[in-house]
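What follows draws every value from the coordinates through simple rules; no lab data is involved. Predicted model only: the values in this text are computed from it and were never measured. Virtual Cβ from ideal backbone geometry, glycine too; neighbours counted across all protein chains shown.
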């Protein structure tokens, strides 16, 4: 038999085969992030991203809901306006925060609800004010047009202010409060004062702050602590010295109703 010589493997053949250099430098496949937001992809597993809500956002919603008061009282219009301003401010702050704040829908809801009640209340009160004065009567403000005018001295005597004197015999419409007296039902005459401080805390009102209201024949009214509206012919006479509760001004009233607005 012929002998065969075994050749030992070379050094290259004895070494394990390795991947080409280009395989070793190939980047690893990206991590699966299906369904995650950009903020979530940067956060460690098990954590969440919290973005605060500006405090004025929920406050605007609260004020917006309270703005329903504006449908019944003009003071509520201010509440609706405040809610609209805060809701708008919150919306702009959230939009300009580059994702730092959340709650945009909350802020927008507060602004919209506030706007709805503000607009509705304003329209309702504007309509009421425009239609509450009976035809043929002039709106007069008790405090501004009568009470604050006071009296004047003419030839050494105290008399009616000229601005009030021109109203004598004119059909006017004004608002005030009934001065409490013993009789409360079926009144044919009562004293009207300019505000409820005088009628509710006692004491005799100033002559310029009150007037006698005499209802037309067959008309009676009941006492109320609420503001009332009266329309009739205005009368004015010179003040006289007397310790009794008397009035300088008088209205021969043909119209009486609880006030729909405080304007």
Determine, from the Cβ-Cβ distance of residue 227 and residue 155 and an R0 of 51 Å, the FRET efficiency 1/(1 + (r/R0)^6), rounded to the nearest 0.05.
0.85
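Run the numbers for residue 126 and residue 85: contour at 0.36 nm per residue of separation, minus the present Cα-Cα distance, in nm.
12.6 nm
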Students often get this wrong: which residues of region 100-128 have the backbone nitrogen under 15 Å from the point 7 angstrom along Cα-to-C-beta of residue 51?
100-108
